[in-house]
Amino acid sequence: IMRRNRLPEIISLIALILTISSCQSDKQIPSDPASIKTVKKLTDSHKKFITTFYPNAAEANQKIKLQRSMLINLKNDYRHVIVKNRKRDRLNDLAKEYRFGENFFTDTTSSASYSRKIDTLLYHVDYIPEKLVMAQAIIESGWGRSKFAREINNYFGIHCYTPGCGRAATGVENPRFWVKAFP
């Protein structure tokens with residue numbers, strides 16, 4: 001539900017960006033709430049949210065960067081991947097993770113098709129700056145205080161469409177979508 005006055009959220013978002021920007025480098029992850037310095041005073045709960053959520057975003061991005069690096073390295077290696085069947089399973093595992101199916105790459109994949117498929121994967125296997133992830137999580141989950149953030153680890157309002165994949169919104173009979181649950 002969209003709230004009328006989003007000014008407090010926008011101010012908090014700006015404070016967050018200033019908070020994370022004040023770190024000495026993008027590699028440094030705030031781990032101690034006392035180390036966070038901002039123009040606008042943040043509550044202890046806001047600082048705690050930053051120090052617990054930010055490392056998860058950074059870790060996810062590191063994984064994605066490694067996946068992208070592998071794709072870039074294999075982009076011009078059609079002969080080894082398809083003809084000699086080296087690392088094809090790794091590529092298919094990645095394609096499956098990004099919902100392209102289990103046999104995205106086969107022994108009959110042509111060189112041109114291989115290149116297009118790698119480009120398609122590269123389009124989808126891309127990281128999002130941690131600051132942007134944090135800002136979105138803050139707005140969508142109310143600094144991690146929303147019911148769905150607390151109970152099913154959904155900080156972004158992500159929906160799913162299969163019964164049992166998450167929770168229906170309160171009071172909705174015969175839902176067409178659910179709020180996705182995450183471990």
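Working from the Cα coordinates of the range 61-112, the gyration tensor eigenvalues give, after taking √(5λ), semi-axes of 19, 14, 8 Å in decreasing order. Qualifying GluC sites (Glu not before Pro) in the range 56-124, where qualification requires a DSSP coil assignment and no more than 10 other C-beta atoms within 10 Å, comprise GLU102.
What is the diffusion coefficient of the range 116-183 in µm²/s, taking the Kirkwood radius over Cα pairs and the Stokes-Einstein relation at 4 °C with a viscosity of 1.567 mPa s?
Details: Rh = 13.6 Å.
Value of D from the Cα-based Kirkwood radius: 95 µm²/s.
Give LYS117/LYS147; LYS131/LYS180; LYS96/LYS131; LYS47/LYS117; LYS63/LYS147; LYS47/LYS75 a once-over and call out the pairs whose C-alpha atoms are over 30 Å from each other. Going by Cα-Cα distance, LYS117/LYS147; LYS47/LYS117; LYS47/LYS75 fall outside the 30 Å limit. Put simply, the amide H of ALA181, placed in the peptide plane, has neighbours under 5 Å in GLY166, ARG167, leaving out anything fewer than 5 places away on its chain. Per residue, the accessible area of the range 74-183 comes to 64 Å² when a 1.4 Å probe rolls over the protein heavy atoms.
Full extension of the chain between ASP119 and ASN73 gives 15.3 nm of extra length, using 0.36 nm per residue less the Cα-Cα distance.
Phi-derived couplings, Karplus 6.51 cos²θ - 1.76 cosθ + 1.60 at θ = phi - 60°, listed residue by residue for the range 58-71: 5, 5, 5, 5, 4, 4, 5, 4, 5, 4, 4, 4, 4, 4 Hz, with x used for Gly and Pro. Working note: Karplus 6.51/-1.76/1.60 with θ = phi - 60° gives the range 85-102 the couplings 6, 9, 6, 5, 4, 4, 5, 5, 4, 5, 4, 5, 4, 9, 6, 9, x, 7 Hz, where Gly and Pro are set to x.
The values are calculated or read from the model by the stated rules, or taken from the named source; none is laboratory data. Keep in mind it's a predicted model, so treat the numbers as computed, not measured. Positions of Cβ are backbone-derived with ideal geometry, glycine not excepted, and every protein chain shown enters the neighbour counts. Remember, those area values only see protein heavy atoms, side chains included, never the ligands or the DNA or RNA. Shrake-Rupley method; radii C 1.70, N 1.55, O 1.52, S 1.80 Å.
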